[in-house]
Amino acid sequence: MGAEDDDEPPSKRVKVSSGQLVDISDRTFVRDPASCSLGDSMARPLTLQGDDEVVGTKGVVKKVEFVRIITEALDSLGYKKTRALLEEESGIPLHTSVVNLFMQQILDGKWDESLNTLRKIGLVDEKIVKLASFVILEQKFFELLHKEKVMDALKTLRGEISPLCINNDRVHQLSFFIISPSQQVLTGVSGQGTARIKSRTNLLEELQRLLPPTVMVPEKRLVHLVEQALDLQLDACRFHNSVVGEMSLLSDHHCGRDHIPSLTMQILHEHKDEVWFLQFSHNGKYLASSSADFAVIIWEVKLDGSVCMKHRLLGHETYVSYISWSPDDHQLLTCGEEEAVIRWDVESGVRIHTYEKKFVKFISCGWAPDGKRIFCGVTDKSISMWDLEGKELECWKGHRTTRISDLGITSDGKHVVSVCKENMIVLVGWESKVERVIQEDQAITSFVLSMDSKYVLVSLSNQEIHLWNIEGTVKLVAKYKGHKRSRFVVRSCFGGLDQAFIASGSEDSQVYIWHRGSGELVATLAGHSGAVNCVSWNPTNPHMLASASDDGTIRIWGDNRVNTKQHDTDNGVNYCNGLS
């Protein structure tokens, strides 16, 4: 991703009943592209009359190769008679007679004969011959041990395997089995566990992967090519937002715009002022929103797709600027604008704890993945970590954050992400003490982490959104343009199936949606009468999107393909039993 050492302990063995052979160990002979290219030049290809004949309109599909992979597909599906008929009618065998003999010898355990036949196949690269010989002889070695023919196994190791000079570390590992074969086959060496004897069918599959495709057609090659074609169609589909199971081989894949949530299904009116922030829970069953009215509302997403108010949370003395769901969605953190952080119980709506620090205020909050600690951005530009009972555990001082109320914690819990300067994001390794930065040319207004914590989506003051890959070396991978932002904080999000889309609010009262891979703007959603400050895509329902606006409302967007009841947009929500 060469031949490499076996990661599996060499002595993991288990004895099986007589005549039954199962997996012996994970083989480690992976082809090294640099040292042993497996191109067609490595073996003399199957030569047949009409080799140059092509099928299809592109002139690139060779008839002989096409028929061979169809034959292999029939064989792998169990249609042996149909395979034989195709070979007879086409005159194109799946394998040469020499290869067929080699395969049968492997299945029959005729190791010496198979090694002789291997030399007759016509392989050009001697290293591949040695690698294949090693795999065969290792199987011979273990089967001899299994039959308790220790001296024959030792002879094979010394006289046949070692002279190949392949994978010396593995040779040393094999020598341990000579010392006490019956005990080690049963229990393994040094208590490292047990492994299973590899079946001859699995051995043949391994040789099939090792030898050039001109010699042995790779297993399920036709299925692999079809899957590749489907993947390419998915990549080219700008509106794909449905499970792969809905694809068909009988027609080219194409999704329409109706696969993206673009219809207003419901309007929520319960906030009394501008709605600034909202976020779905990880399980998609709840939506939390905050407003300039100092309130936080927890909404419940019903099975029919309707959204109803569950609790109105009152306790902040200023605007609520940030919300963070606990990993199990049982609790909620809310942060006032330069104020305190409050932890709430989602089911009851009861305040559990208020986090405060002398002489400073909080501007952001977030959960550690274990749900036992929280992180807070502080007005003195530090980041602090607290236990749930309110004890400060650690504080990173210096320019670790700004007044921007965004804070991210990676899913492995090893990095805290925050805006440390106007145009810079810092990734703090709070255990490793290593820091990395994302450097932008423009001022950063907000950011959000992807669900897998491999990407950061950064909204900028110049009306651009940048996608950064933070896995390994930090690098910019995409830009999204079209939305409007001049005065306010406008937030964006990942969303859709496999987070294949990017959505953002905009000061022109619309929601903008881009295809994440191509950067193409695929939809603009009109309906709000004020700036759209924040958007959130339901992580478990790719057909549900929520937007928060200065018009004091939250819009729930859906599509006309899902069974979601559209609610009366004049009367607002249907209420659920809860605190209000």
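The values are calculated or read from the model by the stated rules, or taken from the named source; none is laboratory data. The model shown is predicted, which means the values in this text are computed figures rather than measured ones. Every residue, glycine as well, gets a Cβ built from its backbone with ideal geometry; the counts of neighbours run over all protein chains shown. To get the accessible areas, we keep the full protein, side chains included, count just its heavy atoms, and leave off ligands, DNA and RNA. Shrake-Rupley method; radii C 1.70, N 1.55, O 1.52, S 1.80 Å.
Here are the numbers for this structure:
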{"item": "Rounded if a/c under 1.5, otherwise prolate or oblate - the stretch 410-503, Cα gyration tensor axes", "result": "oblate"}
{"item": "Cα centroid of the stretch 473-494 to Cα centroid of the stretch 129-179, whole Å", "result": "59"}
{"item": "Cross-link pairs beyond the 18 Å C-alpha cut-off, checked among 127/220; 110/147; 302/372; 397/421", "result": "127/220; 302/372"}
{"item": "Gain on full stretching of the segment that runs from residue 479 to residue 356 - 0.36 nm per residue minus C-alpha separation", "result": "40.5 nm"}
{"item": "Per-selection Kirkwood Rh - the stretch 261-368 (Cα, Å, 1 d.p.)", "result": "14.2"}
{"item": "Radius of gyration, Dmax [the stretch 468-549; alpha carbons; angstrom]", "result": "12.9, 42"}
{"item": "Volume in Å³ per residue [convex hull over Cα atoms, computed for the stretch 444-496]", "result": "78"}
{"item": "Rg over Rh [alpha-carbon atoms, Kirkwood Rh] for the stretch 112-174", "result": "0.98"}
{"item": "Separation in nanometres of the label points that stand 7 Å from Cα toward Cβ, at residue 162 and residue 81", "result": "5.4"}
{"item": "Estimated Rh, the stretch 237-283: Kirkwood, alpha-carbon pairs, angstrom", "result": "14.5"}
{"item": "Highest average packing first - 260-272, 226-238, 151-163, Cβ atoms within 10 Å", "result": "260-272, 151-163, 226-238"}
{"item": "Probe 1.4 Å, accessible area per residue of the stretch 449-497, Å²", "result": "44"}
{"item": "The stretch 236-318, accessible area per residue, ligands and nucleic acids excluded (1.4 Å, Å²)", "result": "43"}
{"item": "Inter-label distance for residue 441 and residue 231, nm, one decimal - labels placed 7 Å from Cα along Cα-to-Cβ", "result": "3.4"}
{"item": "Cα-centred dipole magnitude for the stretch 81-148, charges only on beta-carbon of K, R (+1) and D, E (-1), debye, nearest 20", "result": "100"}
{"item": "Rounded percent of accessible protein surface that carbon and sulfur make up, the stretch 345-494, 1.4 Å probe", "result": "50"}
{"item": "Length released on extending from residue 200 to residue 254, taking residue separation times 0.36 nm less the Cα-Cα span", "result": "15.1 nm"}
{"item": "Over the stretch 50-105, equivalent-ellipsoid semi-axes from the Cα gyration tensor in Å", "result": "22, 13, 10"}
{"item": "The stretch 232-287: relative contact order in percent, alpha carbon pairs under 8 Å with at least 6 residues between", "result": "27"}
